[in-house]
1. Quick one: which of 222-230, 157-165 comes out on top by average Cβ neighbours within 10 Å, and what's the full order, highest first?
2. Of V219, V259, V87, which is the most mobile in a GNM of the chain whose springs link Cα atoms less than 10 angstrom apart?
3. Peptides 133-143, 18-28, 51-61: what's the order by average Cβ count within 10 Å, highest mean first?
4. Per residue, how much accessible surface does the chain expose to a 1.4 Å probe? Answer in Å², no decimals.
5. Between the range 226-274 and the range 69-90, what is the separation of their alpha carbon centroids in Å?
6. Where the accessible area of the chain is counted over protein heavy atoms with a 1.4 Å probe, how much of it, in %, is carbon and sulfur?
7. Can you find, among G41, P240, S94, the residue sitting farthest towards the positive end of the charge dipole of the chain, where Lys and Arg contribute +1 and Asp and Glu -1 at Cβ?
8. Evaluate 2.2 N^0.38 Å with N set to the residue count of the range 12-256, then give the Cα radius of gyration divided by it.
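The values are calculated or read from the model by the stated rules, or taken from the named source; none is laboratory data. Treat the numbers as computed from the prediction; the structure is a model and nothing was measured. Counting neighbours? That spans all protein chains shown, and the Cβs are built from the backbone with ideal geometry, glycine included. To get the accessible areas, we keep the full protein, side chains included, count just its heavy atoms, and leave off ligands, DNA and RNA. Shrake-Rupley method; radii C 1.70, N 1.55, O 1.52, S 1.80 Å.
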Amino acid sequence: MTYLTTAPRPAITLTIAGSEATGGAGAQADLKTFQELNTYGIVALTCIVSFDPKNNWNHRFVPVDTQVIADQLEAIQGCYNGSLDTVKLGMMGSPTTIDTVAGALKKQPWKNVVLDPVLICKGQEPGHALDTDQALKSNLLPLATFVTPNHFEAEQLSGLSINSENDLIAAAKKIHEDSGVVVLAKGGVRIAGEDAVDVFYDGHTLEVLREKKIGDVAVSGAGCSLAAAVTAELAKGASPLEAARTAKTFVTAGIRNRVAGATPFDALWQGGRR
Ligand code: PXL
């Protein structure tokens, strides 16, 4: 990247993710998080999700054509050759998209590859995405340095059932042992108790990150923003544990100051810390 002024140079952060039209989740949440945390955000779109207000806000999902995904990544990697070393992977939506993204990632070295292993979104049935689950495990997890599964995704990746904080710890350890990747497993509102707990494990340090729950209903964009915040902090040079702690604080403030619309769930506000 060529810089035209002497102003501080932003770290560059790329998200490869889907658009969620109402702005709560996906690439929109990632870009807002990158901006808020002072990194230069870039997006390659994998799919477009438009909830349907006429049909209970169900997901309408359109994949971006494989060639168009490859073209976006060619443009981005060509443009920032040498200064792009940090990427977040969000919703892929299909095994074909995963293959295309994995192919592009392998064309260059990376310092940080943060995988948010999005399988299903709020309101979708589990079981919807088992082929995507397999492709994520075999093609993207091996390229990742950091993974941020939610409750359901942690069960899928670990093969364990998670009903308590101790189960979440066991799952985080299992995922790390199987993959070698730093794990931040998110309990969110799904584990009983007063606190929203996330478990960090990197093979040496186990830390349970805790904040008082803000209501009992999941907020749209929390998972995306958490992983994007980890990505931004890593790009700026934070350690994985520092990145996880900052991301947890960032997301908690965003949930406290969430934005309500007509959808069944509110959306996190990335400006919540201001
Ligand atoms: O929150 C997961 C998620 C990620 N990415 C996109 C989404 C959703 C959930 O709706 O639509 C594009």
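1. Details: 222-230: 29.2, 157-165: 16.4.
My ranking of the peptides, most packed first, is 222-230, 157-165.
2. Largest GNM mean-square fluctuation: V259.
3. Values: 133-143: 17.4, 18-28: 22.6, 51-61: 12.5.
Those peptides, ordered most packed to least, come out 18-28, 133-143, 51-61.
4. 45
5. 23
6. Details: 6270 of 12280 Å².
Its accessible area is 51 percent carbon and sulfur atoms.
7. G41
8. Working: Rg = 16.6 Å, N = 245, 2.2 N^0.38 = 17.8 Å.
After normalising by residue count via 2.2 N^0.38 Å, the value is 0.93.
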